Structure formats: structure tokens, C-alpha cells
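The values are calculated or read from the model by the stated rules, or taken from the named source; none is laboratory data. Just so it is clear, the structure is predicted and the values come from calculations on it, not from any experiment. Cβ placement follows ideal geometry from the backbone for every residue including glycine, while neighbour counts extend to all protein chains displayed. Calculation scope for accessible area: heavy atoms of the full protein, side chains included, ligands and nucleic acids excluded. Shrake-Rupley method; radii C 1.70, N 1.55, O 1.52, S 1.80 Å.
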Amino acid sequence: MGAEGWCLLLCLAFSGAANVAERQWQAVDVVLDCFLMEEGGHHGGFASSENMVKAVLVLRQVPVPDDGSLEGLTDFQVDTLTKDNPLITFEASVNLVQIPQAEALLHADCSGKEVTCEISRYFLQPRPEATVETAVWFITNVQVSGGGPGVSMVMKTLEDAENEAVLHPTLKLPLSPQGTVRTAVEFQVTTQTPSLNFLLGSTASLHCGYSVAPGLDVTSVEWRLQHKGSGQLVYHWTMGQGQAKREGATLEPGQLLTAGDASLTLPSLTLQDEGAYICQITTSLFRAQQVIQLDIQASPKVRLSLLNAAPPATLICNVAGYYPLDVSVTWTREEQGGSPAPVSGASLSNLRRSPAGTYSISSSLTVEPSSVGATYTCQVTHVSLEEPLGAHAWVAPPVAEQKSALGVLLASILFVLTLLFLGLQRRQGRWHMSATLPAQSTVGREPKRNTTLRPAEVTPAQTTAESL
């Protein structure tokens with residue numbers, strides 16, 4: 001059983017553990033599947049040789065926080081390796097340095113992440129004094145996928161107490177009685193965040209830490225920026241003095257010497273700050289580095305306008321001030337009471353770039369005539385946005401249809417008003433005639449008199465006269 005089976009046992013122990021309120025520290029063996037680069041030596045970073053063989057690295061008794069998941073976990077046994085296909089096994093003691101990212105390495109496979117591990121020969125920096133070294137050094141570069149930490153460790157082989165130790169057939173190094181190459185980690189450089197994204201104008205902190213064995217002193221710290229084939233010095237610290245080549249770049253000397261923290265702070269980010277940052281730490285014997293990729297982003301601003309109202313109307317969606325280059329612009333159309341539907345046929349303008357380096361582009365859409373009008377939406381998708389950004393515009397029906405509808409409405413109103421007016425005039429005429437008719441019948445003629453006397457109205461005098 002190799003490192004893969006060992007991790008399976010660890011995952012089972014982790015899944016069956018009970019949660020505890022307070023975490024404690026426990027020393028465990030961290031086992032990593034690695035590749036040994038048999039040719040070429042280098043001063044840090046991953047080797048490029050194609051001659052690789054499988055190997056196993058066992059970090060012995062590394063202190064890690066224990067939340068109860070490590071209960072019952074036993075130390076790694078060398079005899080658990082497959083005997084018919086023995087692997088080169090490196091045992092590394094970590095008593096001289098700290099491995100702050102050991103917990104992430106221990107639980108990487110259980111978290112569904114991959115660990116890349118490469119081991120290669122390491123050659124010391126030239127020294128003025130002539131010394132004879134019988135030990136051999138190796139450097140191990142470990143990287144956890146998914147934005148996990150990266151660690152570079154310099155390991156020194158340990159002399160076996162037995163003078164007649166068996167030598168490894170290819171490495172020509174003495175083996176322990178268990179058949180392993182025994183080493184000790186004397187120097188390590190690590191980063192918690194090998195890949196970072198920051199918005200334009202914000203402040204970035206690039207983490208870089210280290211740990212050295214007693215008797216070794218840090219002599220210099222250097223931050224360099226590599227981007228598009230060119231490199232430049234960003235910050236340099238040596239013997240207690242720091243010099244910033246990039247305006248505003250800072251490194252805390254107190255944290256550097258006491259806490260092993262060589263992190264770099266960059267305020268007011270511009271697009272010129274984007275690239276791969278190399279944190280290189282040098283001691284009197286060793287030099288190792290970590291690479292942090294810094295990507296700058298700028299969120300787009302979206303503005304939607306109507307170029308002309310006459311049919312066919314044209315909408316212009318202006319997307320400005322974004323970075324990086326890739327952006328997606330889509331259109332939808334929604335009539336009143338309906339649901340949004342995608343619209344095709346939009347065209348893009350030429351790409352424009354501002355002096356600050358951000359991009360702008362416009363998308364134009366010719367609107368199809370609609371008798372009821374519709375709402376058009378320009379939707380922009382960009383890596384800097386958590387969700388798509390949209391702008392809306394209402395496009396009214398064509399003017400001719402509006403005039404026709406308005407004419408019908410006005411004609412209807414005039415017709416109703418005319419009927420009301422005629423009706424009112426007719427009623428007023430009838431009232432006037434009824435009021436003036438009696439006065440007109442007495443003009444120009446005498447009123448009729450009733451000459452017939454009723455019998456009761458004849459007097460005695462009148463009767464006597466008639467009889468004479």
C-alpha cells in the first residue's frame with residue numbers, strides 16, 4: 001500500500017471523527033506521492049527534465065491541528081509499500097523548521113484536491129571558503145490544486161550510523177535499514193495563495209513565508225514581476241534595508257525577521273501590476289522561491305440608448321471600462337404581458353482601449369416593428385461580475401400606427417361632442433319657442449269680446465226699453 005492507500009485510511013478516520021470545540025495539535029506523518037527528477041539540478045521551482053521516476057515523500061511527525069479526526073491514526077510504515085515494485089522513499093524530518101501548510105497537504109485528497117510533488121537534486125550556492133560536503137541536498141516543490149498552498153523545501157541527506165550501509169542502485173546514497181533515504185528539512189518557502197484576483201484600484205497583499213533551521217540567517221528577500229516576457233524588480237530587502245522599485249510597495253521588516261513573513265503589499269493597483277510575482281528568499285546556504293499569479297480585473301459599465309426613434313429603430317449598448325478582454329453581450333425582447341425572448345442579429349463595433357488599458361465595445365441592434373411596443377434588454381457577462389449586468393429600454397410602436405390610433409380616438413371624441421352639441425341646441429330651441437308664443441298673439445289686433453249676455457246679467461231697465 002502506497003501513499004494513496006495511506007490517504008484512504010486517513011480519510012476514513014477523518015470522516016468518522018467527532019467534532020470537538022477546541023482544536024489541539026498532534027504530530028502525524030504526511031505522505032505524498034511524488035516524482036523524482038533524475039537529471040539536472042536547480043535552485044528552486046519545478047524541474048523541466050523528462051526523466052522522472054515515481055517516489056514517495058514521508059514528512060515525519062509534522063504538527064497539525066487536530067479537531068478529533070486524527071484519533072486512531074497510526075504512523076506510516078515503510079513495509080506497507082508494494083514489495084514487487086519498490087518506490088524510492090524519502091523520509092524527511094521537520095524538527096528544524098515549521099511546515100504551516102501541513103494540514104492542507106494532509107487533507108488534500110480527502111478534499112478532492114490534487115497534490116503535485118516533484119523532488120530533484122539541489123546544489124548549494126557558491127561559498128568563499130573551501131568546504132568538503134559529504135551530504136546531498138534535494139529540493140521538493142509541492143503544489144495543491146484549486147488555489148491551494150505551495151511549498152518548496154530544501155532537504156539534506158543524513159549520514160547513517162552504519163558505515164557499511166547499502167547504497168541505492170541509482171541515487172548512490174546510503175539507505176536506512178528500512179530501505180529509505182533519510183533527510184532533514186532545513187529550509188522552506190511557502191505561499192498560501194498562489195493565484196489572486198483583485199479589482200483595479202484596490203490594494204493587494206501577496207503572501208510569502210519562510211522557515212529556516214537554527215544557524216541559518218536570511219540575507220535577502222527579492223520580489224520580481226514577470227509579465228509578457230519581461231521582468232522587473234519590485235522590492236528588494238537585504239541586511240535590514242528595503243528598497244521599493246514600485247511606488248507604494250511595502251514589506252514589513254519586523255514581520256520578516258520575527259515571524260518569517262515576507263509578504264508584499266501593493267496599493268492602488270493598475271493594469272501594469274498584473275503578472276507573475278516571484279518571492280525569492282536567500283540564506284547563507286540556500287535559495288528558494290514561490291510564484292504568485294496576480295490578475296487584475298475591472299468591472300464594465302453598461303449604458304443603453306436609442307439611436308433613432310423612426311422605424312426601424314436602432315439600440316446601442318455601450319460596454320465600457322472592463323478588463324480582461326473577454327466579454328459577452330446578449331439581447332432579449334419582452335412585450336407587455338409576455339416573457340423575455342433572446343434576440344439575434346446584433347453587431348459589435350471595433351474594440352477600443354483607454355489610456356488606462358481598459359476595454360470598451362458597443363453592440364447595436366435594429367429593432368423589429370411592433371404594434372404594442374416592447375422592452376429590450378442588453379445583458380453583459382464578464383469575469384469581474386458575480387452576476388450578469390443588464391440595461392433596459394422601452395421601444396414604442398411606430399409613429400404611423402400611433403397617429404392612426406390617435407386619429408380614430410380624436411374622430412370618436414369629435415363625433416360624440418357633435419351629438420352632444422346638437423342635442424343641446426335642439427333642447428334650447430324648444431324652450432325658447434314655448435316662452436315667446438303668448439306675447440306674439442295679442443299684437444296688431446283687438447282681443448275678442450264676448451257680446452252674449454247670460455240671462456242672469458239682463459237688467460230691468462234694459463227689458464222695459466225693449467218693450468216700448
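Table for the structure above
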{"quantity": "Cα→Cβ-extended label distance, 7 Å offset, between Thr381 and Ala27, nm", "calculated": "5.3"}
{"quantity": "Efficiency of FRET between Gln125 and Met239 - r from beta-carbon atoms, R0 22 angstrom, step 0.05", "calculated": "0.85"}
{"quantity": "Residue-level accessible surface for Phe415, protein heavy atoms, 1.4 Å, Å²", "calculated": "130"}
{"quantity": "Cα-based convex hull volume of the range 243-290 per residue, rounded to whole Å³", "calculated": "94"}
{"quantity": "Net lengthening on full extension, Gln272/Lys172 (0.36 nm per residue, minus Cα-Cα)", "calculated": "31.1 nm"}
{"quantity": "Listed pairs Lys54/Lys113; Lys156/Lys245; Lys54/Lys172 exceeding 26 Å between Cα atoms", "calculated": "Lys156/Lys245"}
{"quantity": "Using a Förster distance of 60 Å, the FRET efficiency for Ala310-Ser111 (Cβ separation, nearest 0.05)", "calculated": "0.50"}
{"quantity": "Difference of contour (0.36 nm per residue) and Cα-Cα distance, Asp75 to Ala165", "calculated": "30.0 nm"}
{"quantity": "For the range 263-329, radius of gyration divided by Kirkwood radius, i.e. Rg to Rh on alpha-carbons", "calculated": "1.35"}
{"quantity": "Full-extension gain in nm, Ala320 to Ser344, via 0.36 nm per residue minus C-alpha separation", "calculated": "6.5 nm"}
{"quantity": "Modelled FRET efficiency - R0 60 Å, Ser202 with Leu419, Cβ distances, 0.05 increments", "calculated": "0.25"}
{"quantity": "Bins of 10 Å from zero: percent of alpha-carbon pairs in the range 159-250", "calculated": "11, 28, 24, 17, 15, 5, 0"}
